[in-house]
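Here the structure comes first, spelled out in structure tokens, and everything after it is commentary.
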Amino acid sequence: MPVAKAPGDVNIHYEIRGDGPPLLLISGTGHDHTFWSGQLPLFEREYTCLVFDNRGMGRSSVPRPGYSLADMAGDAAAVLDDAGVDRAHVMGFSMGGHIAQELCLNHPGRVASLGLHHTWARNCPRLESFQRARKRLAEWGDMEVLAEFSLLGLYSHTYYDEHSDEMAGKLRWLAEKSGPKDGWVGQLDATIKGDTMDRLHQIEVPALVTASTHDMIVEPHHAEEIHSRIKGSRKVILEGTGHVALIERPEAFARICLDFLREASAEKPMSAKKLPYAS
């Protein structure tokens, strides 16, 4: 994986796959670039996909907690710089969607369109309590309970029950391999403090906002808050899925995204040159 140098001496590992207009994919809390694994085979047929490990996770640097989602948006911009991409479609999931908002607001010329998936602009009391509880577990170093608590929120009741063996494997991965204690604490601290609500009206690129009816972490009212503040945005609510709809129903989720991306690409054509390291 190539490495982008972000401000503050932070190294961000990333990967490029596919061919076509560039599409930057930003992962959620506690996950590395493999969070998008189920979508890449579907996206890379039409887009050059850039995926990366957010700071604190995977192979990227683990700086001391105290950074912001805006700092993490700077990491995303550094990936675009290192890959030689001036402007890309950007999609972020959960925390990644909040980072995507900051990227668009702080580096507006870099974003061609915006996919804000199962994310929020401002914590509601319940979401903030959930994040604070996870942060305490990370500070205590109880990574197994943190992983189990996270999984209970990430997946719908039905999907969890029907994939119990898969959940056991995901629990082990989250507890042992996703990232160290400080990575979790830093990311969760950033999500608790992040707030873009009063700046969303500044976003002028085509935007897709998604949510799920059975999301126990980020309920659909967050999608409505974002949708109502970004002029011309499109809102899609997936029925019956939990927080990680891209994992529970990868084909349906990808179809919604690709329909939006095709329209956005047609409105503002972009270079389809092959990027360095692309496979």
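What follows is calculated from the coordinates using simple rules that are stated; it is not laboratory data. This is a predicted model, so every value here is computed, not measured. A quick note on method: Cβ atoms are made from the backbone with ideal geometry, for glycine too, and the neighbour counts reach across all protein chains shown.
Determine, from the Cβ-Cβ distance of N11 and C124 and an R0 of 45 Å, the FRET efficiency 1/(1 + (r/R0)^6), rounded to the nearest 0.05. Before the final figure, lay out each step's value.
Numbers: r = 34 Å, r/R0 = 0.76.
Given R0 = 45 Å and the Cβ-Cβ separation, E is 0.85.
Output needed for the chain: three equivalent-ellipsoid semi-axes, defined as square roots of 5 times the C-alpha gyration tensor eigenvalues, in descending order, whole Å. Spell out each step's value before the answer.
Numbers: eigenvalues 132, 89, 71 Å².
Rounded to whole Å, the semi-axes are 26, 21, 19.
Within region 119-147, whose backbone N sits under 16 Å from a point 7 Å along Cα→Cβ of E225?
Counting only backbone N, you get 119-132.
In whole Å, largest first, what are the principal axis extents of the Cα atoms in region 39-126?
Principal axes ranked by extent give 39, 27, 26 Å for the Cα atoms.
Can you pull out the trypsin sites (Lys or Arg not before Pro) in region 97-182 that DSSP calls coil and that have at most 16 other Cβ atoms within 10 Å?
Working: sites: R110, R122, R126, R132, R134, K135, R136, K170, R172, K177, K181; in loops: K177.
Within region 97-182, the qualifying trypsin sites (Lys or Arg not before Pro) (loop, at most 16 other Cβ atoms within 10 Å) are K177.
Normalised by the residues of the chain, what does the relative contact order come to in percent, with Cα pairs under 8 Å and at least six apart? Please list the in-between numbers first.
Working: 600 pairs, mean separation 65.8, N = 279.
Across the chain, relative contact order equals 24 percent.
Residues with amide H under 5 Å of S113's amide H, sequence separation 5 or more or different chain, H placed in the peptide plane at 1.01 Å from N; which?
Placed amide hydrogens put H89, V90 under 5 Å from S113.
Taking the Cα of H157, stepping 7 Å toward and past its beta carbon, and measuring to each backbone N in region 238-253: which are under 14 Å?
Those under the cut-off are 240-242.
Just order 156-167, 11-22, 247-258, 91-102 by mean Cβ neighbour count inside 10 Å, highest at the front, would you?
On the way: 156-167: 13.6, 11-22: 21.0, 247-258: 18.5, 91-102: 28.0.
Most protected by this proxy first, the peptides run 91-102, 11-22, 247-258, 156-167.
Sequence gap of 8 or more, or different chains, plus Cα separation below 26 Å: how many lysine pairs satisfy both in the chain?
The number of close lysine pairs in the chain is 16.
What number, rounded to the nearest 500 deg cm²/dmol, is the helix-based mean residue ellipticity at 222 nm of the chain, given -39500 (n - 2.57) per DSSP H run of at least four residues and division by all its residues? Show your work: numbers first, answer last.
Numbers: 11 runs with 122 residues, N = 279.
Calculated at 222 nm, the ellipticity per residue is -13500 deg cm²/dmol.
Would you work out if region 154-238 is rounded, prolate or oblate? Take a ≥ b ≥ c from the square roots of the eigenvalues of the alpha-carbon gyration tensor; rounded if a/c is under 1.5, else prolate when a/b is larger than b/c, oblate otherwise.
In terms of gyration-tensor shape, oblate.
Quick one, could you list the DSSP H helices from the chain stretching 20 Å or more along their long axis (Cα atoms) with average Kyte-Doolittle hydropathy of 0.0 or above?
Numbers: long enough: 69-83 (21 Å, 0.67); 125-140 (22 Å, -1.36); 250-267 (25 Å, 0.11).
Membrane-span-like by this criterion, though nothing is claimed about a membrane: 69-83, 250-267.
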